[in-house]
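Peer 1: Here you go, one structure.
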Amino acid sequence: MYFLQLSVGLVIGLSSAATLIPRTALDSTSSLTQYFSYNYPWGTDHNGGARMDPSHAVISTPGTLTITAQKVSGQKPATHGGKQIPINYLSGAVYAKQHFTVPTGGGFVFSGSFQATTGKGTWPAFWLTAVNGWPPEVDMAEWKGSGKISFNTFNTSSVLQWKDRKMYTVTLLTAVAAFFGTTSAHGFVTGVRDNGVVTKGSDPVWWYYVQNGQTRPVTAGWDSLNQDNGFVAPDALGTADINCHKSSQAGKGYVNVKAGDTIDFIWNTWPDSHKGPIINYIAPCNGECTSLSPSSLRWSKFSQAGLITPGGSGTWASDNLIKNSFTASTVIPKNLKAGNYVVRHEIIALHGGSSDNGAQLYPQCLNIKVSGSGTVAPTNGVAGTSLYKRNDAGILFNLYNNPTSYPFPGPALWTAAN
């Protein structure tokens, strides 16, 4: 059972304020329906494995909205992106009837007071979305199975060009997702830590700097059009997107490391349902990395971790990432020749991997500047478009079939500099 109490005040522009949803909105069913409608603005289905149902969002006691999720079977599949998605749960969602509009060149400041009971299997979330669809999206707060706010960033789709719109109108969407994933569940590498020093990775908000005529932040991470925190699907494995994510551009900075150092990739979040391996590649830049195209990179795999403990769906490298505060570590080969390199850090989510084109790949690239006395550089690296095939055993893989091992996709490990 899930509880929340909600009040929201929104400041339109910077000179006027209006309370759109008062604290009394959850005092009774009649007050709830005065300020909220059930389900999503576009209907009952999302891009995850649950269907919204009004009976799962009720006022249990004055001031408390109870949203529950129920495991079901026999539901008609949902359709998203041309794919059918099995419905495994009925859950609850409500969205605000009151809307607000932000004109081009304007802005807004919002404030809200949220209370939500959290626990394993729950996903209380508060989003601002477009009135009649999705995107745009502003994720105000999400708690995935804990009391820690694990997501609070701005998202939109790469196909939505805000610069071409005179205004956009949004509504508050409040929902719980239980044991299923949505686009905003996925994460990105916020930075790399070496000897206690953290160098920033690319944050998807870089796109908004550009749209507003500002300078892109200088980071070691490669920027890409992953503002939806989405993935590269197996049907795109033959495209340049598999290198460093969608339409990636070289980072303008570097992470300074020494050969033999242990470095930590720090993710902003990761959903526990998205189990899978973590694989690290390296590509020499042969000069500066900051102006390279992803297609020019040649990858050598230097570390990988997959199925840690068999049994059921297993314990995976992604589970250890979550356990270690969304951090994954690897060692830079100790005999690696000094120079500039791009590191490709990747999670392959296999929760849908039993179906063709069901796996999800999340490549993240960062520039590193290696120092030391090593003499070995990678040779015979592989182009990104040749790393994987959609029917590779490690891509088309059923993690729910009690696996005892995992066949890593991609080339063999490069160990010459170890």
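The values are calculated or read from the model by the stated rules, or taken from the named source; none is laboratory data. Quick caveat: nothing in here was measured; it's all calculated off a predicted structure. Ideal geometry is used to build each Cβ from the backbone, glycine not excepted, and the neighbour counts take in all protein chains shown.
Peer 1: Looking for whichever is under 25 Å from residue 285 (Cβ atoms) and of a type in the set (Lys, Arg) here; the options are 369, 389. Which one fits?
Peer 2: 369
Peer 1: Residues being within 16 Å of residue 201 (Cα to Cα), surrounded by 18 or more Cβ atoms within 10 Å (Cβ to Cβ) and in contact with a strand residue (DSSP E or B) (Cβ under 8 Å, 6 or more places away or on another chain): count how many of those fall in segment 244-263.
Peer 2: 12
Peer 1: Further, regarding this structure: Within the group 211, 249, which residue is in contact with an Asp or Glu (Cβ under 7 Å, 6 or more places away or on another chain) and over 24 Å from residue 413 (Cα atoms)?
Peer 2: Matching residue, one of 211, 249: 249.
Peer 1: Let me ask something else about it. Limited to segment 229-254, what total is found for residues that are in a helix (DSSP H, G or I) and either at pLDDT below 85 or in contact with a Phe, Trp or Tyr (Cβ under 6 Å, 6 or more places away or on another chain) (or both)?
Peer 2: Residues in segment 229-254 being in a helix (DSSP H, G or I) and either at pLDDT below 85 or in contact with a Phe, Trp or Tyr (Cβ under 6 Å, 6 or more places away or on another chain) (or both): 1 in total.
Peer 1: Checking residue 24 against (1) among the hydroxyl-bearing types (Ser, Thr, Tyr); (2) over 30 Å from residue 355 (Cα atoms); (3) in contact (Cβ under 8 Å) with a residue 24 or more places away in the chain, which test does it fail?
Peer 2: If we test residue 24 against (1) among the hydroxyl-bearing types (Ser, Thr, Tyr); (2) over 30 Å from residue 355 (Cα atoms); (3) in contact (Cβ under 8 Å) with a residue 24 or more places away in the chain, just (3) comes out false.
Peer 1: Out of 115, 84, 98, 34, I need the residue that is at pLDDT 65 or above and part of a strand (DSSP E or B). Which one?
Peer 2: So the residue among 115, 84, 98, 34 that is at pLDDT 65 or above and part of a strand (DSSP E or B) is 84.
Peer 1: Collect the residues in segment 193-239 that are among the polar types (S, T, N, Q) and over 19 Å from residue 253 (Cα atoms), keeping them in residue-number order.
Peer 2: Within segment 193-239, 211, 212, 226, 227, 229, 239 meet the criteria.
Peer 1: Could you tell me which numbered condition residue 311 fails, if it satisfies all but one of (1) in contact (Cβ under 8 Å) with a residue 40 or more places away in the chain; (2) under 27 Å from residue 254 (Cβ atoms); (3) surrounded by fewer than 18 Cβ atoms within 10 Å (Cβ to Cβ)?
Peer 2: (2)
Peer 1: Looking at segment 274-296, which of its residues are crowded, with 17+ Cβ neighbours inside 10 Å, under 24 Å from the mean Cα position of the chain (by Cα) and assigned to a loop (DSSP other than H, G, I, E, B)?
Peer 2: 274, 275, 276, 277 - these are the residues of segment 274-296 that are crowded, with 17+ Cβ neighbours inside 10 Å, under 24 Å from the mean Cα position of the chain (by Cα) and assigned to a loop (DSSP other than H, G, I, E, B).
Peer 1: Please tell me if residue 305 is at pLDDT 95 or above, aliphatic (A, V, I, L, M) and surrounded by fewer than 20 Cβ atoms within 10 Å (Cβ to Cβ).
Peer 2: So residue 305 fits the description; yes.
Peer 1: Which numbered condition in (1) crowded, with 16+ Cβ neighbours inside 10 Å; (2) over 24 Å from the mean Cα position of the chain (by Cα) is the only one that residue 413 fails?
Peer 2: Evaluating residue 413 over (1) crowded, with 16+ Cβ neighbours inside 10 Å; (2) over 24 Å from the mean Cα position of the chain (by Cα) leaves (1) as the failure.
Peer 1: Do we have any residue at all in segment 255-272 that's among the aliphatic types (A, V, I, L, M) and outside any strand (DSSP E or B)?
Peer 2: Scanning segment 255-272 turns up at least one residue that is among the aliphatic types (A, V, I, L, M) and outside any strand (DSSP E or B).
Peer 1: Among the residues of segment 372-407, count how many are under 23 Å from the mean Cα position of the chain (by Cα) and under 29 Å from residue 256 (Cα atoms).
Peer 2: Result for segment 372-407: 3.
Peer 1: Report yes if some residue within segment 206-228 is within 18 Å of residue 187 (Cβ to Cβ), in contact (Cβ under 8 Å) with a residue 60 or more places away in the chain, in contact with a strand residue (DSSP E or B) (Cβ under 8 Å, 6 or more places away or on another chain) and outside any loop (DSSP other than H, G, I, E, B); otherwise report no.
Peer 2: Scanning segment 206-228 turns up at least one residue that is within 18 Å of residue 187 (Cβ to Cβ), in contact (Cβ under 8 Å) with a residue 60 or more places away in the chain, in contact with a strand residue (DSSP E or B) (Cβ under 8 Å, 6 or more places away or on another chain) and outside any loop (DSSP other than H, G, I, E, B).
Peer 1: Turning to a different aspect of this structure: Looking at segment 362-377, can you tell me whether even one residue there is under 20 Å from residue 187 (Cα atoms) and among the hydrophobic types (A, V, I, L, M, F, W, C)?
Peer 2: yes
Peer 1: Here is a follow-up. What tally of residues in segment 47-65 results from selecting those that are more than 26 Å from residue 85 (Cβ to Cβ), of a type in the set (S, T, N, Q) and either at pLDDT 85 or above or touching a Ser or Thr at 6+ places or on another chain (Cβ under 7 Å) (or both)?
Peer 2: Of the residues in that region, 1 qualify.
Peer 1: Output the residue which, of all residues in segment 358-381 that are assigned to a strand (DSSP E or B) and polar (S, T, N, Q), is modelled with the lowest pLDDT.
Peer 2: 360
Peer 1: Still on this structure, I have one more. Looking at segment 75-87, I want the residues that are free of Cβ contacts under 8 Å to residues at least 24 places away in the same chain and farther than 14 Å from residue 355 by Cβ and have a partner that is among the β-branched types (Val, Ile, Thr) and surrounded by 13 or more Cβ atoms within 10 Å (Cβ to Cβ) with Cβ atoms under 9 Å, at least 6 apart or on another chain. Which pairs are those?
Peer 2: 76/87
Peer 1: Let me ask something additional. Scan segment 382-407 for residues that are touching a residue at least 24 places away in the same chain (Cβ under 8 Å), surrounded by fewer than 19 Cβ atoms within 10 Å (Cβ to Cβ), on the phi < 0 side of the Ramachandran plot and part of a loop (DSSP other than H, G, I, E, B) and jot them down.
Peer 2: Answer for segment 382-407, where residues must be touching a residue at least 24 places away in the same chain (Cβ under 8 Å), surrounded by fewer than 19 Cβ atoms within 10 Å (Cβ to Cβ), on the phi < 0 side of the Ramachandran plot and part of a loop (DSSP other than H, G, I, E, B): 389, 390, 391, 398, 400, 401, 404, 405.
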